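Here, each number is a calculation from the coordinates, and none is a lab measurement. Source: prediction; values computed, not measured. Note that we place each Cβ from the backbone using ideal geometry, even for glycine, and neighbour counts take in every protein chain shown.
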Amino acid sequence: ARTIVALLKACAQLKDLEKGLDIHAQILGVGLLERNHFIGNSLVNMYAKCGSIAKAKQVFHKILNRNVVSWTSLISGYTEYGHNVEALDCLERMRLEGVFPNSVTLVCSLKACSNLGAITKGQVLQMEIERQGLIETNLVISNTLIDMYSKCGLLAKAQELHNELCTKDIISWNAMLSACNEQGQGDKTLWLYREM
């Protein structure tokens, strides 16, 4: 099983769908999918990363004990390939099954909100993020929130979040610089650059 998981991860990294299909056929031949959720999760992830969302969804539905990794792999694939409505629907179904999102799930879901301009759903996710204390502890989530607010045209909210960050990295600063540029605020862009 470990060997198969490693091979599927390699296929996902290389986006080698053909080799992934070969490995999937071997898995089906020995009945491993039903017995090992690590393999099922790796298959979903591989298909999602290779852009074969239909196959990812097909495997996902065969996994008996879906967990946060199963759900996040599917949500990530949906978001990465522009199926943002499906990503947010998947997040809701995940919650209905009693599975709670982790930080990766939240980042993918925020990106889907950003792509759709779904600010209300993004704000609901922010409340959940705040409840979990992730704004202070997870810079990737904070940066994704800043990016979401700026792409949705809420520059003041993005700036407020940026100002509250105890630690900022180049991504935090670039998100704000881009947001100011997109809003035509060249002076503020230069001011932020000096502050950075």
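Subtracting the Cα-Cα distance of residue 92 and residue 156 from their residue separation scaled by 0.36 nm leaves 20.2 nm. Computed about its Cα centre, the charge dipole of region 1-127 is approximately 160 debye, with only Lys, Arg, Asp and Glu carrying charge at their Cβ. Extension gain, residue 25 to residue 62, is 11.9 nm, computed as 0.36 nm per intervening residue step minus the present C-alpha separation. Ranking 48, 100, 58 by Cα position along the charge dipole of the chain, where only Lys, Arg, Asp and Glu carry charges on their C-beta atoms, puts 58 farthest toward the positive end. In region 9-90, taking the dipole from charged Cβ atoms about the Cα centre, the farthest positive-side position among 13, 33, 73 is held by 33.
Within the same chain, lysines fewer than 8 places from residue 151 are excluded, and of the rest, those with a Cα less than 26 Å from its Cα are 49, 111, 121, 168, 188.
Helical runs assigned H by DSSP (4 residues or longer) give the chain a calculated mean residue ellipticity at 222 nm of -24000 deg cm²/dmol, each run adding -39500 (n - 2.57) before division by the residue total.
What order do you get for 68-79, 12-23 when each peptide is scored by the mean count of other beta carbon atoms within 10 Å, highest first?
68-79, 12-23
Quote to one decimal, in nm, the extra length available between residue 1 and residue 100 on full extension: 0.36 nm per residue of separation minus the C-alpha distance between them. Using 0.36 nm per residue and subtracting the Cα-Cα distance, I get 33.0 nm. In terms of the mean number of neighbouring beta-carbon atoms within 10 Å, the peptides 167-177, 184-194 order highest first as 167-177, 184-194.
Among the listed values (i) 136; (ii) 178; (iii) 124, the one matching volume of the Cα convex hull per residue in Å³ as calculated from this structure is (iii).
In this simple spin-label approximation, residue 54 and residue 38 carry label points 7 Å from Cα along the Cα→Cβ vector, and these lie 3.2 nm apart. What the Cβ-Cβ distance of residue 191 and residue 136 gives, at R0 = 22 Å and to the nearest 0.05, is a FRET efficiency of 0.30.
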